[in-house]
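The values are calculated or read from the model by the stated rules, or taken from the named source; none is laboratory data. None of the values given here were measured: they were computed from a predicted structure. For neighbour counting, all protein chains shown are included, and Cβ atoms are generated from backbone atoms with ideal geometry for every residue, glycine included. Keep in mind that these areas ignore ligands, DNA and RNA; they rest on the heavy atoms of the full protein, side chains included. Shrake-Rupley method; radii C 1.70, N 1.55, O 1.52, S 1.80 Å.
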Amino acid sequence: MAKRKKRKKKPILLTVVLLLLSALLLADLIAARVYMRHTEADFFTALLQTTRLGGQYVVNLLSPADQSIPVNPYSQTDYYKNGDYIQCAASEVSRTGVDVSSHQQGIDWQQVADAGVEFAIVRVGYRGFTDGDIFPDTTAEENIRGALAAGLDVGVYFFSQATSVQEAKEEAWFVLDAIDGYSITYPVMFDWESITTEARTDEVTGPEMTEFARAFCAEIENAGYDAGVYFNQSDGYNSYDLRALRSYDLWLAEYADAQSFAYEVQLWQYTNQGAVPGIGTAVDLNLCYRDYKN
């Protein structure tokens, strides 16, 4: 009887690896097409960018709508200059604002309002990066009162150096005490930033930053205010888990003539070298995409 030839076993592992690589490539191609649609980048730029953003961007695109962060709905060509301020033609709301602290002294808020500024985000305090003590901003009360008297809408922020959830909550309680009695219609923002010199926060990780932001924002929101998180592109992509912060407002720092962040934000800080009548020093300028008054 003739012997039957043994069938060669397929290299199952190699097949699985090839299938996974194909799936990843397909996902990256889909992500690149989405990125192209929203930024008008060319294909190769979009592919490089979405590859750099990594799996988080792809996972977000494939997530259910109620669990994902909306992608940036605006393209680079939607932005234009109106005098010294940047506007977004595709947004139903495109409001100009400043954010200020004790670095800007003696602000004439009526001049600021007359110059076309519509809102102000005021620093109310900060935590020291060496000893961890909380300090009030010495101009906070003056700036809040002055901006409100000039007819501007007002939000506030706290410069955090929290190293625990408890410290983030303490910062929120400090802010709530500071703004009690004022008409705060714009968000209360959590601003955690890395310090370039030696700091008590040097070992804080991205997941910890996310938990601190959530703890701060939950306290603020429970008190009846809109809450949000300020960050630059690097922290937005590499540190914060933005999907865990999707129920809060996002405030992006990206110094450019057009905003290119992959995800949707509610406020965009587009320069720290703005010139506004009534403010004697350079000031941060912001664009707001949301009508908080309504």
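Annotations for the structure displayed:
- Solvent-accessible surface of the range 194-294, taken per residue with a 1.4 Å probe and all protein chains present: 42 Å².
- Point-charge dipole on Cβ atoms (K/R +1, D/E -1) for the range 115-245, about Cα centre, debye to 20: 280
- Entry note, the chain: relative contact order of 19 percent, from Cα contacts under 8 Å with a spacing of 6+ residues.
- Dipole axis of the chain (+1 Lys, Arg; -1 Asp, Glu on Cβ), positive-most option in Val204, Tyr74, Tyr35: Tyr35
- Accessible surface of the range 108-175, 1.4 Å probe, proportion on carbon and sulfur as whole %: 50
- Each of the trypsin sites (Lys or Arg not before Pro) that DSSP puts in a loop and that has at most 11 other Cβ atoms within 10 Å breaks the chain; the longest unbroken stretch is 10-292.
- Estimated dipole of the chain in Debye, rounded to 20 [Cβ of Lys and Arg +1, of Asp and Glu -1, Cα centre]: 3280
- Linear extension gain, Glu203 paired with Arg243, 0.36 nm per residue minus alpha-carbon span: 12.1 nm
- Using a simple spin-label model with pseudo-atoms 7 Å out from Cα toward Cβ, Ile30 and Gln110 lie 5.9 nm apart.
- Listed candidates [x] 19.0; [y] 17.2; [z] 20.9 - label of the one calculated as mean projected area of the Cα convex hull in nm²: [z]
- The length gained on full extension between Leu18 and Asp84, counted as 0.36 nm times the residue separation minus their Cα-Cα distance, comes to 18.5 nm.
- Förster radius 45 Å - calculated FRET efficiency between Ser102 and Phe44 (Cβ-Cβ, nearest 0.05): 0.45
- Cα lying deepest toward the dipole's positive end in the range 89-209, options Val165, Gly128, Ala115, charges on Cβ: Ala115
- Inter-label distance, Glu92 to Ser63: 2.4 nm, where each label sits 7 Å from its Cα along the C-beta direction.
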